[in-house]
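Asks: Take a look at the following structure, please.
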Amino acid sequence: QQQRSKQKEIEAAGEMGSRTLEITPVENPDKAQEAANVEGGPQAKKRGHETSNLEAATHLFKGSVGAGLFAMGDCFKNGGLAGATILLPIIAVMCVHCERMLIRGSVLAVERTPGVDFLDYPETVEKCFEYGPRPLRRMSRVMKLVVEMFLCVTQFGFCAIYFVFITENLHQVFQQNGIDISMSMVMLITLLPAMIPSLMTNLKYISPVSLFANVALLFGLIATLTIAFSDGPMPPVADRNLFTNGSQLALFFGTALFSYEGIALILPLRNSMRKPENFSSRFGVLNSTMFLTTALFIFTGFVSYVRWGEDVAGSITLNLVVEDVFSQVVKVVAALGVFLGYPIQFFVMIKILWPPMKRSNNCAQKYPITMQVCLRFVMVMLTFGVALVVPQLNLFISLIGALCSTCLAFVIPVLIDFVIRAQVPKGLGVGAYIKNIFILTVAVLGIVTGTYQSIVEIIKEFK
């Protein structure tokens, strides 16, 4: 009897041991809770509301339409009416193709990673290289850091550009109403309202303003185009450049890539959908949204350049007659729409910067909320400082687009595709090889020429 009792105890202990082993992979609730509440990690994505096709398309549209939409007039000025109209759809097709390569890489990486349901952009790059050919595996961590760096720089640029956009529109309104203050002082006035929501560490307190921000942006765009059509007869198309030279095309490329930069949203949006397979189907969310976005970009840019010609500004709202009261309302509403989007863009940047800082800093581990608020304060001040130093909105947009957006949209997805195909015998066929080399060639040309020309123009402004 005693032997039977001992045997049962041993079996029970074995069962308990096996159960303990089963729950070991998720035994760290702190990290999971942290990712869900503060860092917005993958765990949060699976627990949240599953989005429909329409909701996913709306979010993707929001991510693609912002300050870059109002810069389409300048984009067409640099590309020419015919040149920009032809090149924008080509760039859109290349972007969609590269986003599909990123999705394919992420799906394959998730399949090979036990216990993982979702990988974001940096994690996808890391895992693809980690599972790739042996010589490339040691580069996995470095590639992840490179992608995180480009994402941070891009989001940092967005935030700085938002400061400039808001300041330029409000400064015109202030001047018209007899408030004679400098651009720098106007930017300083916007600092505090931008600072307060950016110090909040939970996105749920920030996201409700996103809908109002997009309504304000669309109102600003529709009102601006309405004024453009109603302000007398449109100038003849023959008075505008159909094509431009190489230096201007370099600026066009940077602005176009900046405006299309939404690749960081692709994987989170796809993962959040009720039916993820509908995201990248033939008439799915990705293709439909990019088609509508491209059509809106072309229409806005074409009309703006025909109306204002070489005088078109980095934001078309700046071309409105400031003496008109309705134009002043449009400027303020558009500035408000961009302003309310600042905390959302800022949150993405902090989500990348905060986790490594917390892991490597004892003080951040001991006082996480205090240290994160301090980090947010410093980053807001840095974006404010850069916006103050480089006030030319159009040049800033071209620089960020040429340098960072091109790498994220074209270069990294092509590298992922090369790594994935290298794992399969004869996976890298001649067609795929030529296609990838073509995309890389376009990307490198855009990076070199766009970055160089943007820096040259910025230096000219300083002189």
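The values are calculated or read from the model by the stated rules, or taken from the named source; none is laboratory data. Only a predicted model underlies this, so the values are computations on that prediction, with no experimental measurement involved. So basically every Cβ, Gly included, is an ideal-geometry build from the backbone, and we count neighbours across all protein chains shown. We work out accessible area using only protein heavy atoms, side chains counted, and drop any ligands, DNA or RNA first. Shrake-Rupley method; radii C 1.70, N 1.55, O 1.52, S 1.80 Å.
Asks: Counting only residues that are open to solvent by 10 Å² or more (accessible area, probe 1.4 Å), of a type outside the set (S, T, N, Q) and under 22 Å from Ala228 (Cα atoms), how many does the range 67-102 have?
Replies: 2
Asks: Residue under question is Lys351, and the condition is that it be open to solvent by 10 Å² or more (accessible area, probe 1.4 Å), out of contact with any Phe, Trp or Tyr (no Cβ under 7 Å at 6 or more places or on another chain) and among the basic types (Lys, Arg); does it hold?
Replies: So Lys351 fits the description; yes.
Asks: How do the helices (runs of 4 or more DSSP H) wholly within the range 237-327 filter down when requiring 2 or more residues that are in contact with a Ser or Thr (Cβ under 7 Å, 6 or more places away or on another chain) and open to solvent by less than 10 Å² (accessible area, probe 1.4 Å): which remain?
Replies: 246-260, 285-308
Asks: Sticking with this one: Name the single residue that is modelled with the highest pLDDT among those in the range 45-64 being over 15 Å from Arg274 (Cα atoms) and surrounded by fewer than 20 Cβ atoms within 10 Å (Cβ to Cβ). Talk me through it step by step, then tell me what you get.
Replies: Of the range 45-64, the ones over 15 Å from Arg274 (Cα atoms) are 60-64.
With surrounded by fewer than 20 Cβ atoms within 10 Å (Cβ to Cβ) added as a condition, the list becomes 61-62.
Details: Phe61: 79, Lys62: 70.
Ranking the candidates gives Phe61 first.
Asks: Let me spell it out: the conditions are (1) at pLDDT 85 or above; (2) open to solvent by less than 40 Å² (accessible area, probe 1.4 Å), and Asn362 meets all of them except one. Which number is the exception?
Replies: (2)
Asks: Then there's this: Could you say whether any residue in the range 162-178 is outside any helix (DSSP H, G or I) and either surrounded by fewer than 18 Cβ atoms within 10 Å (Cβ to Cβ) or of a type in the set (Asp, Glu) (or both)?
Replies: Scanning the range 162-178 turns up at least one residue that is outside any helix (DSSP H, G or I) and either surrounded by fewer than 18 Cβ atoms within 10 Å (Cβ to Cβ) or of a type in the set (Asp, Glu) (or both).
Asks: In the set Val380, Val419, Val386, Val448, which member is surrounded by fewer than 19 Cβ atoms within 10 Å (Cβ to Cβ), in contact (Cβ under 8 Å) with a residue 24 or more places away in the chain and among the aliphatic types (A, V, I, L, M)?
Replies: Val386
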